[in-house]
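Student: Structure below; questions to follow.
Any read-out appearing in this document is the output of simple, stated calculations on the displayed coordinates, not a laboratory observation. Everything quoted here is computed from the prediction, not taken from an experiment. Here the Cβ positions follow ideal geometry from the backbone for every residue, glycine too, while neighbour counts run over all protein chains shown.
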Amino acid sequence: MRLNDHQRQTIKSATLSCFGPNASVRLFGSRTDDCKRGGDIDLLISTSLTEPNAIANAEIAFQVQLQQVLGEQHIDVLVDYPNRRLRPPIFTIAEQTGIPL
């Protein structure tokens with residue numbers, strides 16, 4: 001995994017503070033491969049939030065927190081929540097290949 005301890009802890013902390021104490025986060029994509037270089041930070045967040053405005057506000061707050069602490073980074077975030085109507089295949093890929101933080 002190509003995230004240092006500070007980055008992992010920052011992501012985990014921001015996940016819990018923005019999406020709630022039951023939220024979880026997984027790193028997926030190129031950053032899971034130690035042999036690769038560069039790449040976005042791809043995250044799948046699972047939350048129990050269900051209200052669309054609450055989810056949108058949580059995602060914005062999450063991105064702001066990460067940018068403030070980690071500096072300017074390209075971070076892609078997928079948010080999974082109960083009763084999601086459309087679940088693109090990337091969610092399954094992220095769940096199967098992602099590393100829990």
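Student: Multiply the residue gap between Ser48 and Gln9 by 0.36 nm, knock off their C-alpha separation, and tell me the result in nm, one decimal place. Walk me through the numbers before you get to the answer.
Tutor: Numbers: separation 39, 0.36 × 39 = 14.04 nm, distance 2.08 nm.
Result: 12.0 nm gained on full extension.
Student: Show me, bin by bin at 5 Å from 0, the whole-percent P(r) of the chain based on Cα pairs.
Tutor: 2, 13, 25, 27, 20, 10, 3, 0
Student: A further question follows. Counting other Cβ atoms within 10 Å, keep those with at most 13, restrict to DSSP loop, and tell me which GluC sites (Glu not before Pro) in segment 3-101 are left.
Tutor: On the way: sites: Glu59, Glu72, Glu95; in loops: Glu72.
Counting only loop positions with at most 13 other Cβ atoms within 10 Å, the GluC sites (Glu not before Pro) in segment 3-101 are Glu72.
Student: Set the Förster radius R0 to 35 Å, insert the Cβ-Cβ distance between Cys35 and Asn83 as r into 1/(1 + (r/R0)^6), and round the FRET efficiency to 0.05.
Tutor: Values: r = 38 Å, r/R0 = 1.10.
The calculated FRET efficiency here is 0.35.
Student: Then there is this: Taking the Cα centre of the chain as origin, work out the dipole magnitude from +1 charges on Lys and Arg Cβ and -1 charges on Asp and Glu Cβ, in debye rounded to 20. Don't skip to the answer; put the middle values down first.
Tutor: Details: 10 positive and 11 negative charges, 31 e Å.
The dipole magnitude comes to about 160 debye.
Student: Rank Gly39, Gly71, Ala58 by how far each Cα sits towards the positive end of the charge dipole of the chain (+1 on Lys, Arg Cβ; -1 on Asp, Glu Cβ) and give me just the farthest.
Tutor: Gly39
Student: How high is the FRET efficiency between Ala56 and Gln96 when r is their beta carbon distance and R₀ equals 35 Å, given to the nearest 0.05?
Tutor: Working: r = 26 Å, r/R0 = 0.75.
E(calc), rounded to 0.05, equals 0.85.
Student: Can I ask one more? Using a 7 Å offset from the Cα along the Cα-to-Cβ direction at both Ser24 and Arg2, what is the distance between the two label points in nm, to one decimal?
Tutor: Distance between the two pseudo-spin positions: 2.6 nm.
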